[in-house]
Amino acid sequence: MQRIAALNPDTTSGKSKELFNAVEAKLGIVPNMMRTMGNSPAVLNGYLSFSGALGSSAIGAKLGELIALTVANTNGCEYCNAAHSYIGEKLIKLDSESIAAAREGKASDPKTEAALKFSRTLIEKKGKVSYDDILVVKDAGFSDAEVTEIIAHTALNIFTNYFNNATGVVVDFPQVALVEAAEV
């Protein structure tokens, strides 16, 4: 049951309406998560700004989506698992094997898997990773800038997971079962 109402974009006004119009122009729809965030224009704008900034990150959209899937499954977020499975397949053109593996924090490519494992480590250690944890991902081939982007993508997805889990946002993407995440 949704605990905070998802606003109707057709009857919303003010800053939230402006943001909804921008989302609809880009995506063709206003997903329930954003409709719910719209209760606070500051929250929706913050999410859109952070997400937009990371859209031009050096790690790229593919790894960003794989991180989102790993984080969603680690945090048990049904909404983000469904949304990023759909986005990964339909928009980013990820294959089903990569999507399924990312849900478990795994990848066929060792560099990508290092990033996904680091993302899980960030969550499990509540950000208090060790120097050795950072070295593992750097030794896999990520630069300092890319490591900071992995941290940022993880943080953005923790925010959306917590938001969706707390408010009970109704999933408006094709449902996908959560998997039990792999051990770090």
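The values are calculated or read from the model by the stated rules, or taken from the named source; none is laboratory data. Just so it is clear, the structure is predicted and the values come from calculations on it, not from any experiment. Glycine gets a Cβ as well: all are built from the backbone with ideal geometry, and neighbour counts include every protein chain shown.
The number of residues in segment 124-147 being within 22 Å of residue 55 (Cβ to Cβ) and surrounded by 14 or more Cβ atoms within 10 Å (Cβ to Cβ) comes to 4. Within segment 1-23, the only residue that satisfies the criterion of being assigned to a loop (DSSP other than H, G, I, E, B), of a type in the set (A, V, I, L, M, F, W, C) and over 12 Å from residue 36 (Cα atoms) is 1. Report yes if some residue within segment 43-50 is over 15 Å from residue 160 (Cα atoms), surrounded by 12 or more Cβ atoms within 10 Å (Cβ to Cβ) and out of contact with any helix residue (DSSP H, G or I) (no Cβ under 6 Å at 6 or more places or on another chain); otherwise report no. No, segment 43-50 contains no residue that is over 15 Å from residue 160 (Cα atoms), surrounded by 12 or more Cβ atoms within 10 Å (Cβ to Cβ) and out of contact with any helix residue (DSSP H, G or I) (no Cβ under 6 Å at 6 or more places or on another chain).
For segment 24-39: of the residues being assigned to a helix (DSSP H, G or I) and over 19 Å from residue 80 (Cβ atoms), which is nearest to the chain's Cα centre (by Cα)?
24
Within segment 57-104, the residues that satisfy the criterion of being among the polar types (S, T, N, Q) and either assigned to a helix (DSSP H, G or I) or modelled with pLDDT under 95 (or both) are 70, 73, 74, 81, 85, 96, 98. Name the single residue that is surrounded by the most Cβ atoms within 10 Å (Cβ to Cβ) among those in segment 107-123 being without any contact (Cβ under 8 Å) to a residue 40 or more places away in the chain and assigned to a helix (DSSP H, G or I). Among them, the one singled out is 118.
Pick out the one residue from 115, 155 that is outside the structural domain of residue 27 (by TED's automatic domain parsing), within 21 Å of residue 40 (Cβ to Cβ) and in contact with a Leu (Cβ under 9 Å, 6 or more places away or on another chain). Show your work before the answer.
Values: 115 fails: within 21 Å of residue 40 (Cβ to Cβ).
Going through 115, 155 in turn, just one is outside the structural domain of residue 27 (by TED's automatic domain parsing), within 21 Å of residue 40 (Cβ to Cβ) and in contact with a Leu (Cβ under 9 Å, 6 or more places away or on another chain): 155.
Criterion applied to 97, 104 was being in contact (Cβ under 8 Å) with a residue 24 or more places away in the chain, farther than 17 Å from residue 170 by Cα, in the same structural domain as residue 153 (by TED's automatic domain parsing) and among the charged types (D, E, K, R), and the one residue passing it is 104. Restricting segment 124-168 to residues that are in a helix (DSSP H, G or I) and hydroxyl-bearing (Ser, Thr, Tyr) leaves a set whose member that is nearest to residue 80 (Cα to Cα) is 160.
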